[in-house]
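Student: Here's a structure for you.
Every number here is computed from the coordinates shown, using simple stated rules; none is lab data. Note that the coordinates shown come from a computational prediction; the quantities given were computed from them, not determined experimentally. Counting neighbours? That spans all protein chains shown, and the Cβs are built from the backbone with ideal geometry, glycine included.
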Amino acid sequence: MNPTVDTSVPSPADLETMCIELSRGAADVVAQARRDELSVSTKSTATDLVTEVDRRSEAWLLETLYRRRPDDAVLAEESAARPGRSGVRWILDPIDGTVNFVLGLPQYAVSVAVEVDGEVAAGAVCNPVSGELFSACQDGPARLGGATLHGPRAVALERAVVGTGFSYDAAMRERQMGVAAPLLPRIGDLRRLGSAALDLCFLAAGRLDAYYEAGLHPWDHAAGGLIAERAGCAVSGLRGNAAGSLMYAAAGRDLAPAFFAELAALDADRVSRPLDSAYRPSDPPS
Ligand code: IPD
């Protein structure tokens, strides 16, 4: 039997170590490929890009995982889901922030998360340009390299610097702007940095005070969401829903009640097309 093949379910701390190794390894693949001529194609819309480097990074992740953990399931941004039978599922984004990557804006990352029995147990997010590596496991601290992260400062909503992102779908972007425009005068400022995974890590590191976005996919938020949570942030959907594709909102615990209430008042979770079964357009506003 190949000694590197592991069929047991590792501890959360060991899974975090694997997420760190995988995200750093794929970030090296991305960094090395950066100077190659990029082949860029579009996905869902003309603005939704995928590069040869996304595919190369994902192929490296899939091959490495398959060698080490062949019985695990995988959900990855650029390929079909792989079923498993171990209760462990890896959630991979080979480049989160692909548009930034194509433009040469140094705000993109490889995101690797792992679920055990449907619950995110560990995650890591690595920026190939800065080399910053954020990580956490479900029973440990959020970390940036060796430093423990404690989330954002305590700040009032009117001073809060809030990160967000927009869909690739033009009609949805218009609805998202219908939320962002009235929100802007009620907060300190807005940032659209271009990588949801890094936005959530930046929240964990106190570089943002809050974050929200509708329409995210699991690979955008699985690792970053756990890292924000383990840094002490509240991570939620609105109106009692869990954080997910309708709304992924996160903030420091002091700010969260006012921030989430403001988002609910603006119907920030009603801008999506029906992306998941929790979407009920007939829900009355709360
Ligand atoms: C995108 C980024 C962006 C967010 C989009 C995501 P991608 O991921 O995370 O910040 O606003 O919703 O789709 O396409 O670069 O992997």
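Student: Between 125, 114, 29, which gets the highest mean-square fluctuation from a Gaussian network model of the chain, Cα cutoff 10 Å?
Tutor: Sorting by GNM fluctuation, first place goes to 29.
Student: Here is a follow-up. Could I have the simple spin-label model distance between residue 119 and residue 82, label points 7 Å from Cα toward Cβ, reported in nm to one decimal?
Tutor: In this crude label model, residue 119 to residue 82 measures out at 2.6 nm.
Student: Then there is this: Work out how much length residue 105 to residue 8 would gain on full extension: take 0.36 nm times their residue separation and subtract the Cα-Cα distance, in nm to one decimal. Mind dumping the intermediate values first?
Tutor: On the way: separation 97, 0.36 × 97 = 34.92 nm, distance 4.01 nm.
So the chain would gain 30.9 nm between residue 105 and residue 8.
Student: Indicate the gyration tensor shape class of segment 135-209 (rounded, prolate or oblate), computed on the Cα atoms with a ≥ b ≥ c the square roots of the eigenvalues: a/c under 1.5 is rounded; otherwise a/b larger than b/c is prolate and the rest oblate.
Tutor: Working: a/c = 3.28, a/b = 1.61, b/c = 2.04.
Oblate, because a/c is 1.5 or more while a/b does not exceed b/c.
Student: Cα gyration tensor of segment 103-258, axes a ≥ b ≥ c as square roots of the eigenvalues: rounded (a/c below 1.5), prolate (a/b > b/c) or oblate? Mind showing how you got there, number by number?
Tutor: Working: a/c = 1.39, a/b = 1.30, b/c = 1.07.
Taking the square roots of the gyration eigenvalues as a ≥ b ≥ c, segment 103-258 is rounded.
Student: If you don't mind, another one. Give the whole-number value, in cubic angstrom per residue, of the convex hull volume spanned by the C-alpha atoms of the chain.
Tutor: Working: hull volume 36.0 nm³, N = 286.
That works out to 126 Å³ per residue.
Student: Can you tell me which of 85, 191, 69 moves the most in a GNM of the chain? Springs connect C-alpha atoms under 10 Å apart.
Tutor: Result for the chain, Cα springs under 10 Å: 85 fluctuates most.
Student: Let me ask you something else. On the first, second and third principal axes, largest extent first, how far apart are the outermost C-alpha atoms of segment 48-108 in Å?
Tutor: In descending order, the Cα extents are 39, 18, 17 Å.
Student: Less than 13 Å from a label point 7 Å out along the Cα-to-Cβ axis of residue 191: which backbone N atoms in segment 209-250 qualify, by residue?
Tutor: Only 209-212 pass the distance filter.
Student: I've got another one for you. Could you tell me the relative contact order of the chain? Use alpha-carbon pairs under 8 Å, at least six residues apart, and round to a whole percent.
Tutor: Here the relative contact order equals 16 percent.
Student: For labels at residue 267 and residue 147 in the simple 7 Å Cα→Cβ model, what's the distance in nm?
Tutor: With each label point 7 Å from Cα toward Cβ, the separation is 4.2 nm.
Student: Just need the Rg to Rh number for segment 73-158, please, alpha carbons only, Kirkwood Rh. Mind dumping the intermediate values first?
Tutor: On the way: Rg = 15.4 Å, Rh = 14.7 Å.
Rounded to two decimals, Rg over Rh is 1.05.
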